[in-house]
Structure formats: C-alpha cells, structure tokens
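Colleague: The structure's right below; bear with me while I get my questions together.
The values are calculated or read from the model by the stated rules, or taken from the named source; none is laboratory data. It should be emphasised that the depicted structure is a prediction, and the values quoted were computed from it without experimental measurement. Backbone-built Cβ (ideal geometry, glycine too); neighbour counts: all protein chains shown. Note: accessible area is taken over every heavy atom of the protein model, side chains too, but ligands, DNA and RNA are not part of it. Shrake-Rupley method; radii C 1.70, N 1.55, O 1.52, S 1.80 Å.
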Amino acid sequence: MTVCIYNGEGAGNQALRMVHTSLISMCTSYDVRFISPEEIKQGGWVQTTKLLVIGGGYDRGFIKALGPQGMKTVKNFVENGGSYLGICAGGYFACNRIEFDKGGPLEVCGKRQLNFYPGLCVGPVFPGFQYDSESGAHAAGICRPHSNEKDQLQIAPFLCYFNGGGKFVYPDEKTCTGSDSDLDCGDLSKHCSFELSGNTSETSITVLAECAELVDRPAAVVKCKVGKGVAILSGIHFEYHAERLNNENTYLASIIPKLLETDSNRLAFLKHILSHLNLN
C-alpha cells in the first residue's frame, strides 16, 4: 500500500521536504511517494493508497490545480475508507469554511469543498506570517485535551513549529451546512468529542491537541470520522524536525533550541497521529 503526498501548485517546498522525510522514516511498511494533481484527478491511485497527505503552502493553489473533479476524487477516497492528513494549508483546505488573515492584506475567506471538518478554521493563530518567510514562525506549546474518554493515551506537552496555521472553531448551523445540530459556536476544546448528523452523512469529531499557551486553549489538531474513512487536520507542523530548520535564519535562531528540548514528545505525538490514521 502507498502513502501519497500532494506535490503540485500550492505545496511549499520546505513543507514537502519535511513531511516526506518524516513519513519515510515512520511509515516503513508503506511506499511513500509524491502524487501530482493530474494523477489525483485521474483517480487510479485510490485503489492502492492508504493515506493522502496535503501539507503546508497555500490552499488556493490546491483548489486551482485539483479543480472540482480532483477535490471530488479526494472526498470520495476518504468517504470510502481512505485516510487524509491535512497540515496547515492542507488543514484549512479540508474545512467547511476558512478565515485567513480576515481584514488583513493576505485575507483569504470562503467555503471549501472537502468539508471533512464541518466548521471554521481561523488563522493565523500567531501574528507575523508572510509567505516564503519565517517571520511568523513560533514555538507553540501543545498539549492533549484535559479529558478525552475516547483517547486515553497520555502524551507529554511539547513545543511545535507553527507558522500561519489556524485553529478549529466549534461548528454550528452557520458553518455546517445541512446540519440539524443545535450546538453553539464556541471553544471546540471544551468539547473533546462530539457528533454531527447532516442530511447525507454523520461526522464524528475528536480534538487530539490544543494550543496550551493561549487562554482559550483552541483546538490545534482535530480528527474527523468521515463516512468509512478518517481525516486529521492540523494547524501545527508536528512533522517538522527542528534540526532540519535553518539555524542561520534570524527568525528561527531562538526557536530551534526550544523545539529540540521536547522533540521526543513531538515524535511520540506524530506516531500517535499515524495510528489514528490507521497506519500500522
């Protein structure tokens, strides 16, 4: 079986290198390879693929390159039992709606087709983000939710590379089209696990990690059960190896040592994520 990493318009070079290196080392039972937007649209990959990964970059590039046909193929792949991992831009891309730099010079707001997470992703969580720059890079404090009955594995808090990622806002009728839920929009981290029933399918959502240093502890990583498959969306780059970041970069010089202090905990969390994606 194969693990496919999207490589096309919208994919960032550093993000591609980081996720490929991580998955090569962690998914030794799988063939880890890149996949182009054209191949995704053709659809032949779905029969032999266990996991599709779309990482950092900019999601309007994904939308342009994949088009409605490609996005429908991805959605069908997950609904029929496949796994999807969306990190940073790949996380925004898979939500019902996004608000990126709303009111700012980089504003990107609107609905998205995949809708694996039937709510809103808002970012950047931390200020300073610029494309092709580390000016917004941050060593974010990450922890597991206080209580999660469906997920008992305890993983120690860690610092994680964060640059432009979003937080996942609790869905309500305004953000979940077709949902008959009466849930109020608010802090998702207070609701570690819940289900939404729509007109055609049921989505079960579990918070896997929170941004611990922020007062409201927003959800940083969510797991969405979609049809027969599963999607994990992340605002943080838990796939980034701190030792592979450029320590000569002014913005990263003070961040890298902090990331290295808890890197073993980050690796444990990455392994945990892969298990949730049904990779053995």
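Colleague: Residue under question is residue 208, and the condition is that it be out of contact with any helix residue (DSSP H, G or I) (no Cβ under 6 Å at 6 or more places or on another chain), of a type outside the set (Asp, Glu) and surrounded by 22 or more Cβ atoms within 10 Å (Cβ to Cβ); does it hold?
Modeller: Here the answer is yes, as residue 208 does meet what is asked.
Colleague: Given the criteria open to solvent by 50 Å² or more (accessible area, probe 1.4 Å), modelled with pLDDT of 95 or more and under 16 Å from the mean Cα position of the chain (by Cα), does residue 112 qualify?
Modeller: no
Colleague: Looking at segment 111-118, can you tell me whether even one residue there is part of a strand (DSSP E or B) and more than 13 Å from residue 167 (Cα to Cα)?
Modeller: First, pick out the residues of segment 111-118 that are part of a strand (DSSP E or B): 111, 117-118.
After this cut, where a residue has to be more than 13 Å from residue 167 (Cα to Cα) as well, the list is 111, 118.
Yes, segment 111-118 has at least one match.
Colleague: What residue, of 87, 24, 98, is modelled with pLDDT of 95 or more, among the hydrophobic types (A, V, I, L, M, F, W, C) and touching a Phe, Trp or Tyr at 6+ places or on another chain (Cβ under 7 Å)?
Modeller: Just a single option satisfies the conditions, and that option is 98.
Colleague: Now for a different question. Can you report the number of residues in segment 28-50 which are under 20 Å from residue 90 (Cα atoms) and either among the β-branched types (Val, Ile, Thr) or touching a Leu at 6+ places or on another chain (Cβ under 9 Å) (or both)?
Modeller: Number of matching residues: 10.
Colleague: Looking only at residues that are among the acidic types (Asp, Glu) and either touching a residue at least 60 places away in the same chain (Cβ under 8 Å) or within 13 Å of residue 167 (Cα to Cα) (or both) in segment 90-107, which one is surrounded by the most Cβ atoms within 10 Å (Cβ to Cβ)?
Modeller: Among those residues, the one meeting the criterion is 99.
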